[in-house]
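Enquirer: Below are the C-alpha cells for one structure; questions will follow.
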Amino acid sequence: IAHDLQRILYSFKRKGLLDPLGPAGFNAMNQMICSMVEQLTAMERVATTPIPISYGIHLKQCVTLYLFSLPFTLISDMHWKTVPLVTLVAFTLMGIEGIANEIEMPFGKKSADLPLHQYCEALRSEIEYMIERLPEGPEDDDLYEEELQDD
C-alpha cells in the first residue's frame, strides 16, 4: 500500500497536480507515508516479539516466593494485622502480574485488546477526506487507472 501511495504521489507531482501545495506540501505527504511505514514496523515488532516463557515463569516464582515469605517477616511486628496486609499485597502483585499477561499481545480480538478496527476506520476516513481535497487534473484523465495500466 505504501509503495502504491508513493507511486501515486510522485505521479501527481510529475503531472503538476501538487504544485498548489508547493514543495512543503509534497514533503509533508511523503513524510506521512514514511511515518505510516515506521508505525507499521513498530506494531509488527510488538506483535512478533513475545515475552519469553522463562521470564513469565520466573516472575510468577519470584512473586509467589515473596508472598510466602512476607507473613513471616511481618508477624512479629503486626500480629493479626499481617493477614489483611498480606492479602492486600498479594492481590496487588498478582493483579499486576495478570495485567502483564493480558497486555503482552495487544493486537488480538479480545475485548481488552486495542480496537484496531476503529483505528483503521478513522484512518480510512482521514485518507478519504484528504483524497477528496486533492487538486484535480483534466476531467477525462483518471490518474490512478493510468498508473495501474502502466504496470
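The values are calculated or read from the model by the stated rules, or taken from the named source; none is laboratory data. Quick caveat, the model's predicted, so the values are computed rather than measured. Ideal geometry is used to build each Cβ from the backbone, glycine not excepted, and the neighbour counts take in all protein chains shown. With ligands, DNA and RNA removed, areas are computed over all heavy atoms of the protein, side chains included. Shrake-Rupley method; radii C 1.70, N 1.55, O 1.52, S 1.80 Å.
Enquirer: Below 8 Å, C-alpha to C-alpha, sequence gap of six or more: please give me the relative contact order for the chain in percent. Don't skip to the end; give the middle numbers.
Expert: Numbers: 56 pairs, mean separation 46.9, N = 151.
Dividing the mean separation by the residue count of the chain yields 31 percent.
Enquirer: Sticking with this one: Check cross-link reach from K110 to the lysines: straight Cα distance under 28 Å, and skip same-chain residues fewer than eight apart.
Expert: Correct list for K110: K60.
Enquirer: Shape call for the range 46-116 from the C-alpha gyration tensor, a ≥ b ≥ c root eigenvalues: rounded (a/c under 1.5), prolate (a/b greater than b/c) or oblate? Don't skip to the end; give the middle numbers.
Expert: Working: a/c = 6.26, a/b = 2.30, b/c = 2.72.
Verdict is oblate for the range 46-116.
Enquirer: Here's something else I'd like to know. Mind pulling up the Rg/Rh value for the range 1-84? Radius of gyration and Kirkwood radius, both on Cα.
Expert: 1.56
Enquirer: Pull out the extension gain between D113 and E126, defined as 0.36 nm times the separation in residues minus the alpha carbon to alpha carbon distance; nm, one decimal.
Expert: 2.4 nm
Enquirer: For the chain, take the longest principal axis of its alpha carbons; what is the angle in degrees between that and the long axis of helix 22-48, to the nearest 10 within 0 to 90?
Expert: Helix 22-48 sits at roughly 30 degrees to that axis.
Enquirer: Could you work out how far helix 116-132 tilts from the main Cα principal axis of the chain, as a 0 to 90 degree angle to the nearest 10?
Expert: 20 degrees
Enquirer: Please report the carbon-and-sulfur percent of the accessible area for the chain; probe 1.4 Å, protein heavy atoms only, DNA, RNA and ligands left out.
Expert: On the chain, the fraction of accessible area on carbon and sulfur atoms equals 65 percent.
Enquirer: Suppose only helical runs count, i.e. DSSP H with n ≥ 4. What mean residue ellipticity at 222 nm does that imply for the chain under -39500 (n - 2.57) per run, divided by all residues and rounded to the nearest 500 deg cm²/dmol?
Expert: Mean residue ellipticity at 222 nm (helix-derived): -25500 deg cm²/dmol.
Enquirer: 7 Å from Cα along Cα→Cβ at both I99 and I53: what's the point-to-point distance in nm?
Expert: Roughly 2.7 nm, to one decimal.
Enquirer: So which chymotrypsin sites (Phe, Trp or Tyr not before Pro) in the range 87-127 end up in coil per DSSP with only 12 or fewer other C-beta atoms within 10 Å?
Expert: Of the chymotrypsin sites (Phe, Trp or Tyr not before Pro), the ones in loops of the range 87-127 whose Cβ has at most 12 other Cβ atoms within 10 Å are F107.
Enquirer: Compute the helix-to-body angle for 53-78: its Cα long axis versus the longest principal axis of the chain, expressed 0 to 90° and rounded to tens.
Expert: That helix lies at roughly 40 degrees to the long axis.
Enquirer: Something else about it: Consider all pairwise Cα distances in the chain and report the whole-number % of them above 25 Å. Please report the intermediate quantities before stating the final value.
Expert: Numbers: 6555 of 11325 pairs.
I get 58 percent for the Cα pairs in the chain exceeding 25 Å.
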